[in-house]
Amino acid sequence: MSVDSILILVRSAPYGSSAARDALDAALTCSVFEAPVTLLFMDDAVYQLLKGQSPAGIGQKNLNAIQQSLPLYDIDRLCVAQSAMAQRGLSEDQLALPVESVDAAQIAELMAEHTHVLSF
Amino acid sequence: MIFSLVVQASPVQSQGAETALRFARALLASGHSIHRVFFYRDGIHNGTALASPPQDEANIPAQWQALAKEHQLDLVVCIAAAVRRGVMNENEAKRYKKESANLAPGFELSGLGQLVEACLVSDRVITFGGRS
C-alpha cells in the first residue's frame with residue numbers, strides 16, 4: 001500500500017495511566033496495516049521496558065507479555081532516550097527487549113525520517 | 001493539505017478537546033481538508049450524547065456534531081476504548097446487554113485501523129491530549 005512510516009512516541013510510566021497499553025495497541029495495529037513502525041521511549045516511559053514486572057497487585061496486566069509479542073508483529077525497532085535511561089540509573093541489561101539507545105540528535109532524526117509521529 | 005486529528009483529551013477535564021475543535025475550524029477556514037477525526041483513550045467521551053454542561057459552558061460533543069454536520073467530517077470513535085468506558089451505539093449496547101446506547105449522532109464506532117489508515121492517507125496527523 002504505502003511506505004508511510006509511523007513513529008510512536010511514548011513518555012509515560014508503565015502503570016498509573018493507560019498510555020503504555022494504548023500505545024502498544026496502536027503500534028500493533030500499524031503493523032497489521034504493514035506500516036513500518038518504530039517505538040521511541042522517552043522520560044518515564046523507559047520504565048515500561050524493565051523486565052520482571054508484576055503489576056497484579058494493582059489489578060493491571062503485565063506489559064512484558066504484550067511486549068514479547070512485538071517481534072512477532074515485525075516491530076523490532078525499539079529506541080530509548082539515552083538521557084532518560086541515564087537520569088534514572090538504568091542500563092540496557094535491565095530491559096526486557098533489545099533496544100537502540102538514541103541521543104537528542106538521533107531523536108530529532110527519528111522524528112524527521114518518519115512520516116508521522118503519534119504521541120502518548 | 002489533508003489533515004487528520006487524533007483526540008485523546010476528554011471534553012471537560014482537559015482543554016485539549018476544545019483546542020482540537022478550534023484547530024479543526026481553523027484548518028477548514030484556511031482551505032485545508034480533514035480526512036478524519038479519530039477519538040482514542042479518554043477522547044472517546046467527546047462522542048457521548050449525554051453530556052449536559054451548564055448553559056454558560058461549552059458543550060464540546062455538541063460542537064463536534066455541529067461542525068461535522070456542516071463540513072461532512074468523519075468522526076470516528078475507537079470502539080475498544082469506547083466500550084471499555086461505556087460509550088456505545090445501538091449495536092454494541094445490544095451485544096453487551098445494556099439498557100441504552102449513548103453514542104451521539106454524527107459519530108461512529110470503529111477500530112484502531114481507522115487511526116492507521118488516517119495516517120497513511122493524510123499529509124499531517126496532529127494529536128491533542130497525548131502524554132497523559
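The values are calculated or read from the model by the stated rules, or taken from the named source; none is laboratory data. Given the structure is predicted, the values throughout are model-derived calculations rather than measurements. All Cβ positions, even for glycine, are placed from backbone atoms using ideal geometry, and neighbour counts span all protein chains on display.
Of note:
- Selected residue (only one of B:Ala66, B:Ala26, B:Ala20 is of a type outside the set (S, T, N, Q), at pLDDT 95 or above and crowded, with 16+ Cβ neighbours inside 10 Å): B:Ala20
- Within the option set B:Ala82, B:Ala104, being surrounded by fewer than 22 Cβ atoms within 10 Å (Cβ to Cβ), among the small types (Gly, Ala, Ser), in contact with a Gly (Cβ under 8 Å, 6 or more places away or on another chain) and more than 10 Å from chain A (Cβ to nearest Cβ) holds for one residue only, B:Ala104.
- Any pair with Cβ under 6 angstrom, 6 or more apart, that starts in the range B:110-124 at a residue that is more than 7 Å from chain A (Cβ to nearest Cβ) and ends at one that is of a type in the set (S, T, N, Q) and not in a helix (DSSP H, G or I): B:Ala118/B:Ser4; B:Ser122/B:Ser4
- Within the range B:2-57, being away from chain A (no Cβ under 14 Å), touching a strand residue (DSSP E or B) at 6+ places or on another chain (Cβ under 8 Å), hydroxyl-bearing (Ser, Thr, Tyr) and outside any strand (DSSP E or B) holds for one residue alone: B:Thr19.
- Of the candidates B:Ser122, B:Ser100, the single residue that is in contact with a Ser or Thr (Cβ under 8 Å, 6 or more places away or on another chain) and modelled with pLDDT of 95 or more is B:Ser122.
- For A:Leu78, the stated conditions do not hold, so it cannot be described as over 15 Å from A:Leu9 (Cα atoms) and of a type in the set (A, V, I, L, M).
- Every residue from the range B:6-61 that is among the small types (Gly, Ala, Ser) and closer than 19 Å to B:Val125 by Cα: B:Ala9, B:Ser10, B:Gly16, B:Ala17, B:Ala20, B:Ala24, B:Ala26, B:Ala29, B:Ser30, B:Gly31, B:Ser33, B:Gly43
- Hits in the range B:1-10 - residues which are within 16 Å of B:Leu73 (Cβ to Cβ) and either touching a Leu at 6+ places or on another chain (Cβ under 6 Å) or not aliphatic (A, V, I, L, M) (or both): B:Phe3, B:Ser4
- Within the range A:47-68, none of the residues are under 15 Å from the mean Cα position of the chain (by Cα), under 22 Å from B:Arg131 (Cβ atoms) and charged (D, E, K, R).
- In this structure, A:Leu118 qualifies as within 14 Å of another protein chain (Cβ to nearest Cβ), outside any helix (DSSP H, G or I) and under 13 Å from the mean Cα position of the chain (by Cα).
- Considering the range A:1-48, and only residues there that are more than 10 Å from chain B (Cβ to nearest Cβ) and among the polar types (S, T, N, Q), the residue that is nearest to B:Leu120 (Cα to Cα) turns out to be A:Thr38.
- Any hit, the range A:49-63, residues being on the phi < 0 side of the Ramachandran plot and either touching a strand residue (DSSP E or B) at 6+ places or on another chain (Cβ under 6 Å) or facing another protein chain (nearest Cβ under 10 Å) (or both): yes
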